[in-house]
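The values are calculated or read from the model by the stated rules, or taken from the named source; none is laboratory data. None of the values given here were measured: they were computed from a predicted structure. Note that we place each Cβ from the backbone using ideal geometry, even for glycine, and neighbour counts take in every protein chain shown. When the accessible area is computed, the model is the full protein with side chains, heavy atoms only, and any ligands, DNA or RNA have been set aside. Shrake-Rupley method; radii C 1.70, N 1.55, O 1.52, S 1.80 Å.
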Amino acid sequence: MNFEIPEWLNDQLAEIRQYMEQKLIPIEKEIIFSDFFEVEPRLKGLREEVKKMGLWAPHIPAEIGGCGKSLLQLGLISEVLGQSPLGHYTFGCQAPDAGNIELLHKFGSAEQKEKWMQPLANGDIRSCFGMTEPDTAGSNPTLLES
């Protein structure tokens, strides 16, 4: 298996690193310790910048609004994005939205794709998931028994 990183991907990784170092890491504390709704317009602006860079939603195919990276490429990008708690959100590939988009893309009905998948892929809405357990806290995955 060839694990060489192509030059174009190295260039994109360098662009992402630079964006992280110049735009995201310097504002982490301000954003994290602020009310989300107060900083949401600023975060939305950063997400729009990422879209203009052509690096939005690396985990999803281009036909639904992402940049269609392979799993290996996504892993390398994710390694850089994970250096900031703002990275994955700003680039539109945060959990649980990432997984939910992929499930809807693969298995959703046309109506579900229109109502939920496309707005998720665009970054217009957020998603969630819920866990319940009869005898333990479902919010703590280490206690799952079912």
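Close amide H contacts of residue 133 (hydrogens built in the peptide plane, cut-off under 5 Å, sequence separation of 5 or more or a different chain): 138.
GNM on the chain, alpha-carbon springs under 10 angstrom: the most fluctuating residue among 117, 53, 131 is 131. Computed per residue of the chain from DSSP H runs no shorter than four, each worth -39500 (n - 2.57), the mean residue ellipticity at 222 nm is -13500 deg cm²/dmol.
What separates the Cα centres of the range 1-35 and the range 75-146 is a distance of 21 Å.
Within the listed set 26, 61, 85, the Gaussian network model of the chain (springs between alpha-carbon atoms below 10 Å) gives the highest mean-square fluctuation for 26. What the phi angles of the range 93-103 give under the Karplus curve with 6.51, -1.76 and 1.60, with θ = phi - 60°, is a coupling list of 9, 8, 7, x, 4, 4, x, 5, 4, 4, 5 Hz, glycine and proline written as x. Multiplying the residue separation of residue 146 and residue 125 by 0.36 nm and removing their Cα-Cα distance gives an extension gain of 4.5 nm. A simple rule links phi to the HN-Hα coupling: the Karplus curve 6.51 cos²θ - 1.76 cosθ + 1.60 with θ = phi - 60°, which for the range 25-37 gives 4, x, 9, 3, 4, 4, 5, 5, 9, 10, 5, 4, 5 Hz, with x for Gly and Pro.
Can you pull the percent of Cα pairs in the chain with separation above 17 Å? Intermediate values should be presented prior to the final figure.
Working: 6912 of 10585 pairs.
The answer is 65 percent, as a whole percent.
A cut-off of 5 Å between modelled amide H atoms, ignoring neighbours fewer than 5 places along the same chain, links residue 92 with 57. Taking 95, 57, 121 in turn, the Gaussian network model of the chain (Cα-Cα springs below 10 Å) assigns the largest fluctuation to 95. Couplings for the range 44-60, taken from phi via the Karplus curve 6.51 cos²θ - 1.76 cosθ + 1.60 with θ = phi - 60°, read 4, x, 5, 5, 5, 4, 5, 4, 5, 6, x, 10, 5, 6, x, 7, 10 Hz in order; Gly and Pro are left as x. Summing Cβ point charges (Lys, Arg +1; Asp, Glu -1) relative to the Cα centre of the range 1-61 gives a dipole of roughly 160 debye. The listed residues 116, 56, once ranked by accessible area (1.4 Å probe) with the largest placed first, stand as 116, 56.
Just to confirm the filter: which GluC sites (Glu not before Pro) across the range 1-93 are DSSP coil and have at most 13 other Cβ within 10 angstrom of their Cβ?
Here the GluC sites (Glu not before Pro) that fit, given the DSSP loop and packing criteria, are 4.
Among residues other than residue 79 whose Cβ falls under 15 Å from its Cβ, what is the net charge (Lys/Arg +1, Asp/Glu -1)? Computed value for this residue: 0.
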